[in-house]
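Student: To start, I am sharing the structure in question, which I have written as structure tokens.
The values are calculated or read from the model by the stated rules, or taken from the named source; none is laboratory data. Note that this is a predicted model, so its numbers are computed, not measured. Heads up, the Cβs are rebuilt from the backbone with ideal geometry, glycines too, and the neighbour counts pull from every protein chain shown.
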Amino acid sequence: MDVLQALRNLKPLCSRHTRLLVTTYNHLWEPLVTFAEWTGMKVPRTEQNWLSRVDIRNLMKLAGFEALETHWIVLLPKYVPLLSAFLNRFCARLPFFKRLCMTQVVVARTLPPPVPKEELSVSVIIPCKDEKGNVEDAVRRMPQLGGQTEIIFCDDRSTDGTAEEVRRVASCYPERQIRLEHGPGICKSKNVWTGFDAARGDIVMILDADLTTMPEELVYFMDVMVSGQAEFVNGSRLIYPVPKGAMNEANMLGNKFFSVAFTYLLGQRVKDTLCGTKVLWRSDWERIRPMLGSWGTEDRWGDYELLFGAAKLSLKILDLPVHYQERIYGSTKMTKVFHHGLIMLKMCWHGFLKLKLGY
């Protein structure tokens with residue numbers, strides 16, 4: 001079989017949301033499969049392409065596809081009561097055991113053509129609570145992104161006059177599309193969802209109001225999206241040097257630990273799960289929205305529900321480094337490090353149950 005030509009024949013039939021699944025045997029099982037056929041324990045197969053995962057990814061790239069993730073299944077192909085379910089449902093998902101599985105499934109997407117920036121509109125969602133001193137700076141420093149750029153401030157019942165400051169700044173910058181939305185005052189995630197639901201742009205971006213991620217760097221996120229390199233761009237504060245005092249040691253260690261955990265859970269590399277800057281297509285947000293609240297525990301920040309949703313849809317997730325800055329106005333909301341760490345561990349457990357075990 002000409003695998004490359006078969007993939008090329010499939011490409012014209014694929015859209016941006018199409019996902020291609022290629023199933024093949026693990027090379028480690030070739031002697032066992034051959035022995036099982038020789039002894040009559042297995043039905044003889046037709047000629048088999050024993051392609052490695054690297055070979056499959058290379059063939060996909062040549063045909064205009066991009067491999068996103070690999071799933072390993074079937075650790076014990078013969079049914080044994082209780083043992084088969086334990087090995088195939090649980091152990092096969094664990095980091096070491098999965099490499100021993102009989103079957104591997106590579107998930108891929110077709111590489112989309114670039115889209116001109118001028119044809120797209122962008123909504124920048126700025127969730128804020130007591131961030132009055134950062135409002136005007138956010139508007140003044142915001143670059144023009146795409147054909148139209150709307151800036152949506154989501155005020156989460158601030159007590160320092162943030163909402164009034166947004167109205168004042170909007171009147172001072174009439175050439176900018178500035179809107180004010182009122183969050184429920186419950187947690188950051190619900191405040192962000194308020195902004196997402198109000199967004200009208202083709203692309204939605206989150207920029208935290210503390211401006212520890214520079215607004216000027218949003219153009220890099222835009223470039224990645226329009227080029228088709230990713231469908232979900234996640235900012236990472238842990239690649240460039242972090243200014244002294246911008247992030248305490250406990251938060252730094254926690255971020256590094258959870259980057260390893262979430263890379264495993266999502267099947268794609270994510271170095272900084274809690275960086276507030278995340279960018280995706282609004283059409284993909286509309287597909288993620290029905291999943292909110294379905295992960296078994298509450299996500300107070302919204303980062304995890306977005307990442308879990310993107311993984312569930314097999315979106316291409318890509319880290320983009322940002323220059324993390326020290327906060328100038330206001331105080332950080334991430335103060336209960338141990339308590340928040342427990343919440344994140346709970347999110348990891350529920351993510352494992354949903355994404356890896358399918359419960």
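Student: Of (1) free of Cβ contacts under 8 Å to residues at least 24 places away in the same chain; (2) assigned to a loop (DSSP other than H, G, I, E, B), R168 satisfies all except one. Which?
Tutor: Result: R168 passes all but (2).
Student: If you don't mind, another one. Do we find that L238 is without any contact (Cβ under 8 Å) to a residue 12 or more places away in the chain and more than 21 Å from W72 (Cα to Cα) in this structure? Before you say what the answer is, go through the steps one by one.
Tutor: On the way: without any contact (Cβ under 8 Å) to a residue 12 or more places away in the chain: no; more than 21 Å from W72 (Cα to Cα): yes.
In short, no.
Student: Kindly evaluate W29 against the criterion of being in contact (Cβ under 8 Å) with a residue 12 or more places away in the chain, within 21 Å of L76 (Cβ to Cβ), in contact with a His (Cβ under 7 Å, 6 or more places away or on another chain) and not aliphatic (A, V, I, L, M). Don't jump to the end; show me each part of the working.
Tutor: Working: in contact (Cβ under 8 Å) with a residue 12 or more places away in the chain: yes; within 21 Å of L76 (Cβ to Cβ): yes; in contact with a His (Cβ under 7 Å, 6 or more places away or on another chain): no; not aliphatic (A, V, I, L, M): yes.
Here the answer is no, as W29 does not meet what is asked.
Student: Can I ask one more? Which of the following residues is surrounded by fewer than 21 Cβ atoms within 10 Å (Cβ to Cβ), within 18 Å of V192 (Cα to Cα) and among the aliphatic types (A, V, I, L, M): L253, L292, L313?
Tutor: Working: L253 fails: within 18 Å of V192 (Cα to Cα); L313 fails: within 18 Å of V192 (Cα to Cα).
The match here is L292.
Student: Residue by residue through segment 66-94, note down the ones that are in contact with a Cys (Cβ under 8 Å, 6 or more places away or on another chain) and surrounded by 18 or more Cβ atoms within 10 Å (Cβ to Cβ).
Tutor: Of segment 66-94, the ones in contact with a Cys (Cβ under 8 Å, 6 or more places away or on another chain) are 72-75, 92.
Matches in segment 66-94: W72, L75, A92.
Student: Can you confirm whether segment 285-294 contains a residue that is in contact with a helix residue (DSSP H, G or I) (Cβ under 6 Å, 6 or more places away or on another chain) and under 17 Å from L120 (Cβ atoms)?
Tutor: Initial filter on segment 285-294 (in contact with a helix residue (DSSP H, G or I) (Cβ under 6 Å, 6 or more places away or on another chain)): 285, 288, 291-292.
Still in the running and under 17 Å from L120 (Cβ atoms): 285.
Within segment 285-294 (the criterion being in contact with a helix residue (DSSP H, G or I) (Cβ under 6 Å, 6 or more places away or on another chain) and under 17 Å from L120 (Cβ atoms)), the answer is yes, since at least one residue qualifies.
Student: Within segment 48-65, take every residue that is loosely packed, with under 13 Cβ neighbours inside 10 Å and within 15 Å of N26 (Cα to Cα) and give me the one that is modelled with the highest pLDDT.
Tutor: Our first condition is that a residue be loosely packed, with under 13 Cβ neighbours inside 10 Å; within segment 48-65, this holds for 48-50, 52, 54, 62.
Next, from what is left, pick out any that are within 15 Å of N26 (Cα to Cα): 48-50, 52, 54.
Details: Q48: 68, N49: 72, W50: 75, S52: 84, V54: 89.
This residue is V54.
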